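What follows is a single structure, written as structure tokens, with notes after it.
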Amino acid sequence: MTQKIIVIGAGMASGRMLEHLFDAGADVDVTLFNAEPRGNYNRIMLSPVLAGDQTYQDIVTHDDDWYAQQGVTCRFGEKVVAIDRAAKTVTADNGDVLGYDKLVFGTGSNPFMIPLPGHDLDGVIAYRDLEDTERMMSLGEGNKAVVIGGGLLGLEAAAGMAARGVDVTVVHIMGHLMERQLDDAAGYLLRKALIDKGITVKCSANSKEILGENGKVRALLLEDGTELPCDLLVMAVGIRPNVALAQDAGVMVGKGIHVDDQMLTSDEHVLAVGECVEHNGALFGLVAPLYDQAKVAAQTLMGAEAAFVQKEISTKLKVTGCDLFSAGDFADADGREDIVFRDPARGVYKRLVIEDNCVIGAVFYGDTADSAWFFGLIKDKTDISEMRETLIFGPAYQGGEPLDPMAAVAALPRDAEICGCNGVCKGQIIDAIDAGAVDLGAVRATTKASASCGTCTGLVEQVLASTLGDAFQMPVAQPVCGCTDLTHEDVRRLIKSQELKSMAAVMQELGWKTSCGCHVCRPALNFYLLVDWPVEYQDDPQSRFINERKHANIQKDGTFSVIPRMWGGITTPDELRAIADAADKYHVPTVKVTGGQRIDLLGVKGEDLPDMWADLNAAGMVSGHGYAKGLRTVKTCVGTDHCRFGTQDSTGLGIKLEKELWGTWTPHKLKLAVSGCPRNCAEATCKDIGVVCVDSGYQVSIGGAAGMEVKQTELLVQVATEAEVMEVVNAVTQLYREGAKYLDRLFKWMNKVGLDWIKEQINDPVIRKEAAARFDLSQSIYRVDPWAEHVREKASTYKPMAEFKLEAAE
Amino acid sequence: MSDWIDVGALDDIAPRGARLVKTPLGCVAVFRTADDEVFALDNACPHKQGPLADGIVHGRAVTCPLHNWVISLETGQAQGADDGGVNTYPARVDGGRILLETSFLQMRAAE
């Protein structure tokens with residue numbers, strides 16, 4: 001007997017199911033409803049249509065002829081409005097009631113629209129069907145578009161419109177693009193490729209409101225106040241299974257329509273396939289599992305045995321010409337290790353995740369040629385312990401003898417390129433060595449090899465070693481840490497010259513050997529980046545030592561010490577009362593006067609910090625940064641206010657300096673002092689920067705210290721006015737910030753660059769002014785009270801995330 | 001079958017960060033890596049009981065804030081030349097929630 005089948009939704013999954021039915025010669029009478037006024041087309045290929053590479057005709061899967069041949073009754077542009085499962089009928093929107101033997105849901109998914117104010121304006125669309133695509137295709141040069149969502153669909157929409165000359169901005173709420181498929185590093189590379197195509201990319205950007213004019217979209221307003229004007233706004237932030245009809249019909253629905261392994265819903269006469277389905281808690285968006293479902297559903301309809309099994313899936317994508325691949329599992333298990341390969345010159349990044357000698361996950365960017373082989377390793381759980389050393393290089397490198405790197409370099413022909421940046425071959429380097437360049441510096445100077453990005457430094461050294469033999473001593477320049485072979489100096493130079501503005505950029509372009517650095521390199525990189533790119537770079541608290549992350553000084557028992565700022569060491573009875581009250585309220589066991597002329601509250605519990613700060617803030621006090629690699633104190637004597645020897649207002653100048661410099665981050669701690677006369681009661685001559693007042697003006701000296709090493713300052717310059725002191729101090733602080741190695745006190749930097757060089761800079765009025773201006777710019781961002789900020793924004797993170805009492809434990 | 005307890009949302013912990021869960025027998029530090037994996041360990045470095053939750057998280061390890069011991073989040077063992085370890089507890093993420101296996105409430109080392 002002919003089975004009457006009604007299919008709701010003419011998408012890729014239900015279309016494939018029908019193909020299986022008809023190919024098997026099943027005795028069926030199919031009625032196909034589709035809300036879109038057309039049949040089944042290849043939705044995945046909408047992007048090439050948008051980009052203009054294909055037309056709608058090219059991507060039609062089933063045309064009118066096909067439906068006619070198979071005897072399918074097509075009801076396109078019609079919706080099913082009700083289902084009566086008891087009577088086994090559906091009601092169409094024109095009132096027709098049709099009976100079925102089997103009903104199949106292929107209702108797909110709906111784009112998720114963020115309910116921002118203005119989301120219902122004309123010109124706000126999703127990217128889901130041909131209508132959306134045509135809307136985007138109607139834009140051209142001179143038009144502006146904003147895409148919310150940096151996932152695959154959003155980026156394809158952006159790239160397609162950009163190819164048509166539209167000025168496109170992508171707004172993404174997460175820190176990097178396609179965060180579900182890609183890690184930081186690959187996300188960074190993708191972003192760079194998009195920017196190269198003229199697309200503006202804004203990550204970590206929160207949309208606030210869609211602004212309109214006469215009912216039509218005009219701009220997107222971000223939380224930070226930025227307005228992005230646009231003629232069209234595309235929301236591509238995700239999809240939700242379309243379950244409304246199934247829910248009304250009373251079949252079991254969770255996130256999607258629940259199906260078993262046979263694709264049957266909770267009603268044995270009703271099946272579901274495709275994106276509307278939930279199977280064992282999983283939803284499906286990629287085409288491969290949908291086609292598997294279609295096959296199983298067809299078998300079930302024909303009464304045959306079949307079971308849908310979820311498989312390991314990989315995504316190999318091409319976003320705007322960039323090859324991406326990700327596969328396997330990155331989350332939730334013990335015993336995993338990374339193998340990372342980066343080739344900055346080719347823009348390649350590869351990362352394998354290894355567990356129990358098997359590859360369980362992979363992310364590739366830029367070179368996905370071997371992805372099938374790696375996916376095979378993941379699927380087959382191949383034991384890779386034998387080839388682990390060369391695994392990341394792919395199948396071509398397996399099976400041979402492991403190479404000694406020195407032998408490999410020695411075996412290279414003369415025309416092998418060593419330095420990609422400057423196009424220097426091995427032969428040129430050997431010629432230079434023969435002509436007398438017997439160390440790295442000399443080779444660099446004569447051939448430019450390794451003089452740009454520096455990543456081939458090791459290769460150049462190996463050429464030196466293989467050419468000179470024992471006559472060449474491999475240098476022992478100390479790398480930052482085990483994550484890189486580069487020195488701090490190299491890293492600083494490259495961050496500036498290559499304009500690397502994020503940690504992911506540094507790690508990728510400079511070939512970091514680990515996926516996210518370590519406790520040694522991350523704080524250094526965070527500092528270098530925020531100094532060089534104060535506006536562009538976002539400070540990363542997770543890359544800071546706990547003292548700077550929690551803005552308090554950790555003690556041996558895990559408690560913290562709190563030091564409020566006392567400008568120039570001056571305080572008031574009110575401030576002292578507030579400090580005393582805080583000490584009582586939070587049971588502070590020790591109150592101590594510090595060497596920097598302020599009061600330290602020791603033994604405060606981490607979870608009490610925000611409350612204590614709020615109390616101190618209320619009394620007008622801010623963080624004293626007693627924990628920071630940054631400005632600590634400006635110690636002063638009482639100067640002309642009270643002292644009979646004082647020559648200038650040292651207290652007033654100290655307060656001005658502290659108010660100017662506080663909040664700045666420096667390579668190591670930075671202590672200042674201002675003494676009112678050469679008797680030097682503020683001990684200015686053992687500070688990083690000291691000012692000693694004299695009758696004729698101010699002597700500014702630098703490079704003092706009184707720690708593990710005791711150093712006396714050396715005179716930098718004598719100036720006549722307070723304004724000049726301020727400018728000199730700002731400028732020298734900035735030069736120290738820009739030039740020093742992280743964790744070098746100022747005197748160490750001074751010994752490296754020489755006091756004479758610093759004097760030259762400071763005595764040149766243009767250089768001094770520019771350095772001071774760069775400092776001002778940085779301070780316009782960093783001169784804020786972190787206590788108030790944390791009280792306001794992250795107080796809850798100081799508390800435990802959960803607490804279990806004794807009863808719960810038993 | 002093991003029992004799992006919901007201790008909070010994954011988003012309550014910053015990536016490469018940690019938060020504490022208080023129990024009658026001391027604090028458990030719950031870590032979130034850059035790849036959104038979670039791990040639960042006793043919040044006391046084997047060296048001098050430093051608060052590991054305040055350390056810098058890198059890869060699947062954390063550096064103790066007191067004396068820079070590096071502790072594996074997977075095994076709880078000190079890395080490199082240092083010797084010692086802390087208890088680890090099964091942890092997983094489900095639907096954006098962090099779940100700890102109940103053993104963390106009972107199996108704490110007697111201190």
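Summary of computed values
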| read-out | value |
| --- | --- |
| Residue identified as open to solvent by 10 Å² or more (accessible area, probe 1.4 Å), over 27 Å from residue A:649 (Cβ atoms) and modelled with pLDDT of 95 or more among A:737, A:774 | A:774 |
| Of all residues making up the range A:178-199, the number that are at pLDDT 85 or above and either among the β-branched types (Val, Ile, Thr) or touching a His at 6+ places or on another chain (Cβ under 6 Å) (or both) | 3 |
| Which numbered condition residue A:803 misses (of (1) within 14 Å of chain B (Cβ to nearest Cβ); (2) open to solvent by 70 Å² or more (accessible area, probe 1.4 Å); (3) of a type outside the set (A, V, I, L, M, F, W, C); (4) in contact with a helix residue (DSSP H, G or I) (Cβ under 9 Å, 6 or more places away or on another chain)) | (4) |
| Scope the range A:535-576; condition hydroxyl-bearing (Ser, Thr, Tyr), away from chain B (no Cβ under 13 Å) and in contact with a helix residue (DSSP H, G or I) (Cβ under 9 Å, 6 or more places away or on another chain); matching residues | A:537, A:571 |
| Strands (runs of 3 or more DSSP E) fully within the range A:211-256 counting 2 or more residues that are open to solvent by less than 80 Å² (accessible area, probe 1.4 Å) and closer than 30 Å to residue A:274 by Cα | A:232-235, A:239-241 |
| Subset of the range A:701-715 [assigned to a strand (DSSP E or B) and surrounded by fewer than 23 Cβ atoms within 10 Å (Cβ to Cβ)] | A:701, A:705, A:706, A:710, A:711, A:714, A:715 |
| Residues (assigned to a helix (DSSP H, G or I) and modelled with pLDDT under 90) located in the range A:132-153 | A:152, A:153 |
| Given (1) aliphatic (A, V, I, L, M); (2) at pLDDT 95 or above; (3) over 16 Å from residue A:772 (Cα atoms), number of the condition residue A:725 does not satisfy | (3) |
| Any hit, the range A:540-555, residues being farther than 28 Å from residue A:778 by Cα and either modelled with pLDDT under 95 or of a type outside the set (Gly, Ala, Ser) (or both) | yes |
| Residues (in contact with a strand residue (DSSP E or B) (Cβ under 9 Å, 6 or more places away or on another chain), in a loop (DSSP other than H, G, I, E, B) and within 9 Å of chain A (Cβ to nearest Cβ)) located in the range B:39-58 | B:43, B:44, B:50, B:51, B:55 |
| From the options A:646, A:663, A:652, residue that is over 20 Å from residue A:579 (Cα atoms), touching a Pro at 6+ places or on another chain (Cβ under 9 Å) and small (Gly, Ala, Ser) | A:663 |
| Yes/no for residue A:193 being in a helix (DSSP H, G or I) and in contact with a Lys or Arg (Cβ under 9 Å, 6 or more places away or on another chain) | no |
| Pair list, Cβ < 7 Å and 6+ apart or interchain, from the range A:20-44 residues that are without any contact (Cβ under 8 Å) to a residue 60 or more places away in the chain to residues that are surrounded by 17 or more Cβ atoms within 10 Å (Cβ to Cβ) and hydroxyl-bearing (Ser, Thr, Tyr) | A:39/A:67; A:40/A:61; A:42/A:61 |
| Tabulated pairs, the range A:715-727, first within 11 Å of residue A:699 (Cβ to Cβ), second charged (D, E, K, R) and open to solvent by 60 Å² or more (accessible area, probe 1.4 Å), C-beta under 6 angstrom, 6+ apart or interchain | none |
| Enumeration of residues in the range B:19-38 that are open to solvent by less than 10 Å² (accessible area, probe 1.4 Å), among the aliphatic types (A, V, I, L, M) and facing another protein chain (nearest Cβ under 8 Å) | B:21, B:30, B:38 |
| Residues being at negative phi, surrounded by fewer than 20 Cβ atoms within 10 Å (Cβ to Cβ) and touching a Lys or Arg at 6+ places or on another chain (Cβ under 9 Å) - total across the range A:670-700 | 1 |
| Any helices (runs of 4 or more DSSP H) falling wholly within the range A:733-810 and containing at least 2 residues that are closer than 25 Å to residue A:545 by Cβ | A:746-753, A:765-782, A:786-793 |
| Subset of the range B:59-77 [open to solvent by 30 Å² or more (accessible area, probe 1.4 Å) and more than 8 Å from every other protein chain (Cβ to nearest Cβ)] | B:67, B:69, B:77 |
| Count of residues meeting criterion [within 7 Å of chain A (Cβ to nearest Cβ) and surrounded by fewer than 20 Cβ atoms within 10 Å (Cβ to Cβ)] in the range B:1-14 | 3 |
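Okay, residues lined up against (1) crowded, with 16+ Cβ neighbours inside 10 Å; (2) within 21 Å of residue B:59 (Cα to Cα); (3) within 14 Å of another protein chain (Cβ to nearest Cβ):
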site	(1), (2), (3)
A:433	yes, no, no
A:459	yes, no, no
A:470	no, no, no
A:483	yes, yes, yes
A:500	yes, no, no
A:526	yes, yes, yes
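The values are calculated or read from the model by the stated rules, or taken from the named source; none is laboratory data. Owing to the predicted nature of the structure, the values given are computational and were not obtained by experimental measurement. So basically every Cβ, Gly included, is an ideal-geometry build from the backbone, and we count neighbours across all protein chains shown. Side chains are part of the model used for accessible areas, which takes the heavy atoms of the whole protein and leaves out ligands, DNA and RNA. Shrake-Rupley method; radii C 1.70, N 1.55, O 1.52, S 1.80 Å.
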